Amino acid sequence: MEFPKSFSLEGKIALITGASYGIGFAIATAFHQAGATIVFNDINQDLVNRGLASYAEAGIPAHGYVCDVTNEDQVNELVQKVEAEVGVIDILVNNAGIIRRIPMCDMSAAEFRKVVDVDLNAPFIVSKAVIPSMIKKGHGKIINICSMMSELGRETVSAYAAAKGGLKMLTRNICSEYGEFNIQCNGIGPGYIATPQTAPLREKQPDGSRHPFDQFIIAKTPAARWGETEDLMGPAVFLASDASNFVNGHILYVDGGILAYIGKQP
Ligand code: NAP
Ligand code: GCO
């Protein structure tokens, strides 16, 4: 994909959290193609090693670090290490996330807190760690990976929806508080994307038929398909580049039209 100069990320350093695979890996790949230096973390060394192998296979010289994004000390140490070993972070993508699909009344407070910790508290912690250097440098880009559940609820995802709804508002608040320092904070709201996180919703049934939820999403999506991680690459480069310097506090939904559509009649 050829990008005009304003879409270039040449000379920029990008940290994508939880990017050993899935959406984060695709976004990191797009940033590399646009010229950025790639830094990623994951929660343990095995995942970081898996990510490093995948990036190497794709010809991407990525820098990988072990860091639990919910742990403020580990995050601060990560940012200090990256600044010393790679350079000041110009672009942050808060991608790391988890989901627990449990009916609310069956969900423990600890399970609820864990989801909120990763999906909402961690983006706060990591953003707080990188903003001071972005201010000193005179620019910065923060992209929070939101969700359909930043706008919609559904059964069994109360913690995730609460977190992703909060992440939408954290995005708007970072925009409000730091826009004057030439920091743009936006969100990407992926629709239903084929990754390990949604694999349980797409499993073939014993009789070989499609999972009921799979059929449901196809009927709810005008594009009549699940998204692929590649569908997020262009939007992410746009929000990470100078082409979006006057876009701030915006959630860009990359959902094949789900939010605009009542759904195909049965
Ligand atoms: P994924 O395949 O589950 O990958 C998430 C990554 O985050 C994994 O590498 C995971 O490591 C890592 N992670 C989890 N907790 C972490 C922590 N405490 N510290 C550091 N890394 C951590 O998810 P995905 O489908 O690529 O989704 C990526 C993001 O997009 C998430 O925020 C998700 O909520 C969001 N999203 C996904 C979809 C979708 O349809 N797939 C749609 C909208 C939004 P582990 O392997 O150890 O868990
Ligand atoms: C679910 C899915 C969704 C997607 C995504 C949609 O169980 O409904 O996991 O939450 O992951 O967030 O945008």
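Listed residues Pro196, Pro206, Pro212; which is within 12 Å of ligand 1 (Cβ to nearest atom) and open to solvent by 30 Å² or more (accessible area, probe 1.4 Å)?
Going through Pro196, Pro206, Pro212 in turn, the sole match is Pro196.
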* Asked: Could you say whether any residue in the range 170-191 is within 13 Å of ligand 1 (Cβ to nearest atom) and out of contact with any strand residue (DSSP E or B) (no Cβ under 9 Å at 6 or more places or on another chain)?
  -> no
* To do: For the range 176-196, state whether one or more residues are modelled with pLDDT under 95 and of a type in the set (Asp, Glu).
  => no
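Which of the residues belonging to the range 174-212 are closer than 21 Å to Met148 by Cα and free of Cβ contacts under 8 Å to residues at least 24 places away in the same chain?
Ala199, Leu201, Glu203, His211, Pro212
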* Number of positions in the range 233-249 that are within 18 Å of Ile38 (Cα to Cα), open to solvent by less than 40 Å² (accessible area, probe 1.4 Å) and part of a helix (DSSP H, G or I) -> 7
* **Residue list for the range 250-260, restricted to those being assigned to a loop (DSSP other than H, G, I, E, B) and open to solvent by less than 70 Å² (accessible area, probe 1.4 Å)** => Asp255, Gly256, Gly257
* Check Glu155 against each of (1) open to solvent by 20 Å² or more (accessible area, probe 1.4 Å); (2) in contact with a helix residue (DSSP H, G or I) (Cβ under 7 Å, 6 or more places away or on another chain); (3) more than 13 Å from ligand 1 (Cβ to nearest atom) and name the one condition it does not meet. => (2)
* What strands (runs of 3 or more DSSP E) lie completely within the range 1-112 and have 1 or more residues being without any contact (Cβ under 8 Å) to a residue 40 or more places away in the chain and either open to solvent by less than 60 Å² (accessible area, probe 1.4 Å) or among the aliphatic types (A, V, I, L, M) (or both)? -> 37-42, 63-66
* **Leu167, sole failed condition from (1) open to solvent by 10 Å² or more (accessible area, probe 1.4 Å); (2) within 16 Å of the chain's Cα centre (by Cα)** => (1)
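The values are calculated or read from the model by the stated rules, or taken from the named source; none is laboratory data. Keep in mind the model is a prediction, meaning the values are calculated, not measured. Every residue, glycine among them, receives a Cβ derived from its backbone with ideal geometry; neighbour counts consider all protein chains shown. Just so you know, the surface numbers come from the protein's heavy atoms only, side chains and all, with ligands and any DNA or RNA stripped out. Shrake-Rupley method; radii C 1.70, N 1.55, O 1.52, S 1.80 Å.
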